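This report concerns only the one structure given below.
The values are calculated or read from the model by the stated rules, or taken from the named source; none is laboratory data. Worth saying up front: this structure is predicted, and the values here are computed from it rather than measured. Glycine also receives a Cβ, built like all others from the backbone with ideal geometry; neighbour counts cover every protein chain displayed.
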Amino acid sequence: MKKENPDKIWTVQEEDFLRKNINVMQPVDIAKKLGRTENCVNIKIHRLRLPVKKGGMLKEMVSRNIVHEMLTQRIGTPETFRPTREFLERTGMGQKRFWQLYRGEKNITRSEYLALTKEWNITLEDAFEMGQLKMEF
């Protein structure tokens, strides 16, 4: 494949096409359709933080992405959240682990869930409202 100009800016239409087709087409097919390299498409997927289902770039996805739900409730647009080193230290997570949870690649553990609820001040009532906790009798 030809080398792509790294300065070539993505258009809104190209990003929309990527978002609509990310779980329908393989990255290599999207790249061909857009006239870009597969690597360029994979980088854009990563930068836009797009969740990719099985068969795409990622191997597995969780059935429910709790971290994304918590961020959506707390800040509205989770795409703008940038974890700082201090945040990662307070939650006891590494950068790689946080992004695996954020993208829904791995299931969250109980200790990680508790650390994030404490960090983001999510009360028991909020957790029930979000449907993250269920009463079982």
Item checked: Residues that are touching a residue at least 12 places away in the same chain (Cβ under 8 Å) and not aliphatic (A, V, I, L, M), drawn from the stretch 98-116 -> Phe98, Tyr102, Arg103, Gly104, Glu105, Lys106, Asn107, Ser111, Glu112, Tyr113
Notebook entry, point to check: Of the numbered conditions (1) at pLDDT 90 or above; (2) surrounded by 10 or more Cβ atoms within 10 Å (Cβ to Cβ), Glu86 satisfies every one except a single condition; which is it?
Noted result: (2)
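Mind counting the residues in the stretch 89-101 that are assigned to a helix (DSSP H, G or I) and buried (at least 19 other Cβ atoms within 10 Å of the Cβ)?
Let us first name the residues in the stretch 89-101 that are assigned to a helix (DSSP H, G or I), namely 89-91, 95-101.
When the remaining residues are screened for being buried (at least 19 other Cβ atoms within 10 Å of the Cβ), the result is 91, 101.
Adding up the residues that qualify gives 2.
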Next item on the list: Look through the stretch 103-134, keep the residues that are modelled with pLDDT under 80 and of a type in the set (A, V, I, L, M), and return whichever of them is surrounded by the fewest Cβ atoms within 10 Å (Cβ to Cβ).
Entry: Leu124
Margin query: I'd like the residue in the stretch 37-83 that is under 23 Å from Glu112 (Cβ atoms) and β-branched (Val, Ile, Thr) and, out of all such residues, is modelled with the highest pLDDT.
Written below: Val67
